[in-house]
Amino acid sequence: MIDKAQLILKRTFGYDEFRPLQKEIIDNILKKRDTLVIMPTGGGKSICYQIPALIFPGLTVVVSPLISLMKDQVEQLMAVGVDAIYLNSSLPPSEYSRNIEKIRQNRVKMLYLAPETLLKPDIINLLASVRVDCLAIDEAHCISEWGHDFRPEYRQLSAVRARFPDSVCVALTATATPRVQKDIKASLNFDDSNEFIGSFNRENLFIRVVSKKDPLSQTIHFLKKFPDQSGIIYCFSRRQVDELYEVLEDEGFSVRPYHAGLSETDRKKNQEMFIKDDVQIIVATIAFGMGINKPNVRFVIHYDLPKNIESYYQEIGRAGRDGLRAECLLLLSYADIQKIKFFINQKNDHEKRVATIHLKALLQFAESEVCRRIPLLTYFGEAYSVKNCDMCDNCLAGEIEQTDITIAAQKFLSCVKKTGEMFGAGHIIDVLRGSTAKKVMKFGHQNLSTYGIGKDVSKNKWFHLSRQFLHKGLMEQDMEYGGLRLTQKAWDVFKGNEIVMGRLEEEPVAELNGKDREKKADLDHDATFFEILRKKRKELADKANVPPYVIFSDKTLIEIAAYFPQTINSLRNIFGIGEEKLKKYGITFLEIIREYCGDHHIAEKSEIVKKTTRSSKKHFKKLRHMAVGEAYNDGQSISGLMAAYSIKQVTVIDHLFKYIKEGHALRPDGLIELSIVTPEQKTRVFKTFDELGTDYLSPVYQALNEEVSYDELKILCLYYLSVNN
């Protein structure tokens, strides 16, 4: 049946090949095995149940939490010739009744509905009267109390599932930590062996976190780099949405607001305008976007701090769903943290504890100085060993020059201690700067020896330093009340046993520079022709009353503008053009292509060129580590590779590690000599590898009581794998 699935992938959806894990998941579902699917936003989860739905003889029921999500999915399915409907409150009674009748008459392959609708007795009885082959639960993290978006009605789906014992159940989500994954499986009685966890890494998203100084100017500066491009700006409150929207509109941006305070009519209208490319920017609260599958969102700005990593990951996941490069900007302010804490404190004890853990993890990500993907992916249980992703601000910053900030650290830490380890950074800074603020006077802190000893340092600079002290583990912050307290490490600083290195001056807001733009996710194409194609797509979309991406995605238009296909068969080879779309729009677009190519004397680029280009792009990142691995096997030394590629030893090790992890053999000569640990430690490390395996180094690091560094573990793991391969 997998051959049939491959045929549907091409003919119906217009894709040449499956994305990672899709084929295995589809095969598992077709064998009627309950399946848990964890894939990143935009990773192709929907295809995993849509293709089986077209193969199964009966109905596939898809549980979806939002009306907009159902509408979007059904529109896209209908555009490729799939019989799909939805049942929800947005339908007029006549259409609702027609859809019910279609289900009774077995004229539907896919039915989308909300969990509340599925739980209704009349709907259960209706579905019991027909053959239901598959129950797909989208946004399955809503099942778990440890998820960021727990919904009690989702918890009841296990009872519904029991009503359809012959149906295969598929649970899908993009945002599930290992704990949430476990909770989903327990709730739905899933077997551990039938879970598929894809990489959470979205390689086409450029991630940037900057200090929030002048957020309005920072935002406008950022937006000017994306003329006529779609993007979302997330704000914490309705008031902030309205204020920012008004300013941006006055500045001439194509923008609309979206939040729960607007009427349903206005919300729907603004969302439709955004989806249909009638407006470019939406300023919104988190109420916006969960049901949006708009593939050409080129940027997401977090004007305010999100509540947790799951929300952040889900929200940036609305960018770049077409696989092309998109940018994600987070403005970080410690005032925003206090807003979130205020709302956390309104929760009950259990909810407060969960929310506090989530917030702490988000701050660890935002304050990290390593590759952004390391803390982000680690949170979701995925090891990320690449030292430089080239797609985040930290990686592009390179080696950051650090200075000795020990004296500043001693002043700050001393003030924390003398004020009783119960105040936040703002109060400590007021004391250091000799403020006469009411709170300082109330506690008599003007009488402390640390009062005024930091007058020569600005308030912003002290905040910048305090964040580094937290990040370096010299202090801990009470996540409920915000108070700072010292760690054991701080006492080593007091005694002069440890020097604190850091950045005295805060880095300026990072600009998009040439290096930022080096790594593009799109093809070289004729930009003028692309705009002509976009205009025609918009015209067809408006006529059909659907979003432009339902006609063709940006990626499809870019390929057309790069390869200039001038026959029906050539159009078939373009990404996203299946038989139904070829039938509907093929001739129309061929006329435009031929006219443009004739006017500009452009010949069609051959399929060989196209495939070569794709292949070289697809494997561009592989070439370096493959070349390093092969050179090492040919006898090149580690030091020789360092010189040949102008890279550090740790980078050579990373390349070799990736090479061997992909299944290639590696000669062990010269590897063990790189390690500086004692023979006894080496023996312990190898024994631990025997016991725990080599998939993840973190458990090994913990089992060895953190006595052997990660760099050493990687070297020893490389040697271990080379001799045991």
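The values are calculated or read from the model by the stated rules, or taken from the named source; none is laboratory data. This one's a predicted model, so the numbers in the text were calculated from it and none came from an experiment. Cβ sites come from the backbone with ideal geometry, for glycine too, and all protein chains shown count toward neighbours. With ligands, DNA and RNA removed, areas are computed over all heavy atoms of the protein, side chains included. Shrake-Rupley method; radii C 1.70, N 1.55, O 1.52, S 1.80 Å.
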Could you give me the residue pairs with C-beta distances under 6 Å whose first residue belongs to the range 33-45 and is on the phi > 0 side of the Ramachandran plot, whose second residue is open to solvent by less than 20 Å² (accessible area, probe 1.4 Å) and assigned to a helix (DSSP H, G or I) wherever it lies, and which are 6+ apart or on separate chains?
-> Gly44/Gln22
For the range 144-156, does any single residue satisfy the condition of being more than 28 Å from Gly317 (Cα to Cα) and in contact with a Phe, Trp or Tyr (Cβ under 9 Å, 6 or more places away or on another chain)?
-> no
Residue selected from the range 397-423 under the condition closer than 15 Å to Gly502 by Cβ and of a type in the set (Ser, Thr, Tyr), by the criterion most open to solvent (accessible area, probe 1.4 Å) = Thr403
Any chance you could count how many residues in the range 426-454 are touching a residue at least 24 places away in the same chain (Cβ under 8 Å) and within 15 Å of Ala409 (Cα to Cα)?
-> 7
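Here is a check on your reading of the model: is Ile560 assigned to a helix (DSSP H, G or I), at pLDDT 90 or above and touching a helix residue (DSSP H, G or I) at 6+ places or on another chain (Cβ under 9 Å)?
Answer is yes for this residue.
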Only one of (1) at pLDDT 85 or above; (2) more than 20 Å from Met39 (Cα to Cα); (3) touching a helix residue (DSSP H, G or I) at 6+ places or on another chain (Cβ under 9 Å) does not apply to Phe196, and that is (2)
Output the number of the condition that Gly317 fails; it satisfies all remaining conditions of (1) within 30 Å of Lys536 (Cβ to Cβ); (2) in contact with a strand residue (DSSP E or B) (Cβ under 7 Å, 6 or more places away or on another chain); (3) in contact (Cβ under 8 Å) with a residue 60 or more places away in the chain.
-> (2)
Matching residues in the range 262-291 - criterion: being open to solvent by 10 Å² or more (accessible area, probe 1.4 Å), farther than 28 Å from Ser217 by Cβ and either modelled with pLDDT of 95 or more or not in a helix (DSSP H, G or I) (or both) | Ser263, Lys276, Met290
If we ask which residues in the range 380-425 are in contact (Cβ under 8 Å) with a residue 60 or more places away in the chain and either over 37 Å from the mean Cα position of the chain (by Cα) or outside any loop (DSSP other than H, G, I, E, B) (or both), their number turns out to be 15
Quickly run through the range 196-215 and pick out the residues that are under 17 Å from Asn460 (Cβ atoms) and among the small types (Gly, Ala, Ser).
-> Ser211
Scanning for something touching a Leu at 6+ places or on another chain (Cβ under 8 Å), at pLDDT below 80 and assigned to a helix (DSSP H, G or I), does the range 625-634 turn up at least one residue?
-> yes
In the range 163-184, what count of residues is obtained for those that are farther than 25 Å from Arg373 by Cβ and surrounded by fewer than 20 Cβ atoms within 10 Å (Cβ to Cβ)?
-> 4
For the range 426-469, what are the residues that are in a loop (DSSP other than H, G, I, E, B) and open to solvent by less than 50 Å² (accessible area, probe 1.4 Å)?
-> Gly434, Ser435, Ala437, Gly444, Leu448, Thr450, Gly452, Gly454, Val457
Members of the range 380-396 found to be touching a Ser or Thr at 6+ places or on another chain (Cβ under 9 Å), closer than 25 Å to Gly502 by Cα and buried (at least 20 other Cβ atoms within 10 Å of the Cβ), listed by number = Asn394
Residues of the range 700-725 satisfying the condition of being open to solvent by 60 Å² or more (accessible area, probe 1.4 Å) and touching a residue at least 60 places away in the same chain (Cβ under 8 Å) | Asp711, Asn725
Qualifying residues in the range 302-339 (those that are among the β-branched types (Val, Ile, Thr) and either under 15 Å from the mean Cα position of the chain (by Cα) or open to solvent by 10 Å² or more (accessible area, probe 1.4 Å) (or both)) - the one farthest from Ile233 (Cα to Cα) = Ile309
Residue count, the range 350-379, condition under 19 Å from Leu305 (Cα atoms) and assigned to a loop (DSSP other than H, G, I, E, B), comes to 4
Can you tell me which residue within the range 529-557, out of those that are buried (at least 22 other Cβ atoms within 10 Å of the Cβ) and of a type in the set (Phe, Trp, Tyr), is modelled with the highest pLDDT?
-> Phe552
Looking at this structure, is Ile587 open to solvent by 70 Å² or more (accessible area, probe 1.4 Å), modelled with pLDDT of 90 or more and over 34 Å from the mean Cα position of the chain (by Cα)?
-> yes
